[in-house]
């Protein structure tokens, strides 16, 4: 057989080796794709895991293009040695931006955790806070949301060789705390403190020795605390209680305590003014049951420059007055006399402290009698130790004597010393053959006051028509709570049956 010429022989490809190479390339590509998918999956897991980290003091934040830092201002438990963020940290001072950007308004945290620290939900790295802010100057505001760039937590190595390294001491920061975490505002009938019920008092430590201090206290809204010495328009001891009672801010410096200072060890104590404590008790029951009081301390040498500023702490304050309830409000007949039986209770939190409060009752209306000729007259009654006609065109004190307190402040006490009862039974003139028609129509308002705010004596004022009325001389005591009620008794003599017919219409103009 002729063999082909070696030099002209066609090249035969090595199909076995080529197939193997192509197979290997495919495997590499598939493995690479799987690794990318696995890497992406791990990154997603890591991201998800990082998003669930607790956000703590010092975490980096951003608002649009503005970078900054998150500050926890409340005294709370720590994570990795730093204060843990919760949803109450939503005040403008909580956020500092490096470029001078400032928040103007903030709403509520979103995507926070389900765990709680001191009864508040924790913040996570994924949490956001919508709001509005702006740069200084004539620059339009921006809307957006505060986001955490980092949680503030760090990965701590298992061990660090610190031999030869400088030792850094824990930084000391001025601290303030209440001597008691919770209080009930209890006073005696003269407005003095009762044993066992102290006023809100603070202990301060770790400050710069001999520095001056300003104690700032606010009701309910910690955002009213400032970063400067004093608070404008805060509680002022020189104003009347009616002008002070709803003021939410207090500054010891603004109140005139300009020389409060730390001792040589950086410590001090401060007790809130007694009149400030009384003003808490003067708040309406409808607005005060239990309240958070937030406070901080700032130290300084010159009032224009703060040297130290504590974290914000809080205490809980409760109202001693718990309720005011009508117990009985119905018409009765006692010995042939038609009356309105009315009973009103107030209840306090602390036993044997009802003397802190008193009832003052007001009335308006009067009584009319018509004779057989249908001529109207008014019966005489006694008020303020004086006899006068039963005609009260304007609100007047409901008192027999000169003490403004209903029943001279003497009430039935029950419920283990926690409940005081006011009882009243206003009556009507009984109709008869010579006065066939009688009508009693009196409105009442029963008020609760602090006993020490009610003066010893009322003032009698002469009014048009020769009548009188009783008033409390100004300033009138603040009303803590009240109830209105009335009595309406119409009596008509039935001459045929020689009996009285009684009804209770709201109005009656006469026969």
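We did not get these values from a lab; they are worked out from the coordinates using the rules stated. What you see is a predicted model; the values in this text were computed from it and never measured. Glycine also receives a Cβ, built like all others from the backbone with ideal geometry; neighbour counts cover every protein chain displayed.
A few comments on the model shown:
- When restricted to Cα atoms, segment 175-319 yields an Rg and a Dmax of 14.8, 45 Å, respectively.
- Whole-angstrom gap from segment 117-135 to segment 334-372, using each part's C-alpha centre: 53
- Cα-based radius of gyration for the chain, normalised by 2.2 N^0.38 Å, reads 1.65.
- Ordering 341, 57 from the fewest to the most neighbouring beta carbons within 10 Å gives 341, 57.
- Mean projection area, nm², convex hull over Cα of segment 322-503: 11.3
- Remark: relative contact order (segment 175-319) = 36 percent; criterion is Cα-Cα distance under 8 angstrom and separation of 6 or more residues.
- With q set to 0.26 Å⁻¹, the log10 of I(q)/I(0) for segment 60-148, from the Debye formula over equal scatterers at the Cα positions, is -1.40.
- When both segment 439-470 and segment 471-485 are represented by their alpha-carbon centers, they are found 10 Å apart.
- Using every pair of separate Cα atoms, the Kirkwood estimate puts the hydrodynamic radius of segment 326-367 at 13.3 angstrom.
- Expressed as a fraction of 2.2 N^0.38 Å, the C-alpha radius of gyration for segment 375-436 is 1.53.
- Mean separation of Cα contacts under 8 Å (6+ apart) over length of segment 429-511, as relative contact order %: 39
- Reciprocal of mean inverse Cα separation for segment 50-96 (Kirkwood radius, Å): 11.1
- Mean separation of Cα contacts under 8 Å (6+ apart) over length of segment 271-324, as relative contact order %: 39
- Fraction of alpha-carbon pairs over 18 Å apart in segment 433-500 - percent: 64
- Binning the alpha carbon pair distances of segment 245-367 at 5 angstrom intervals from zero yields the distribution 2, 7, 13, 15, 13, 10, 9, 8, 6, 5, 4, 3, 2, 2, 1, 0, expressed in whole percent.
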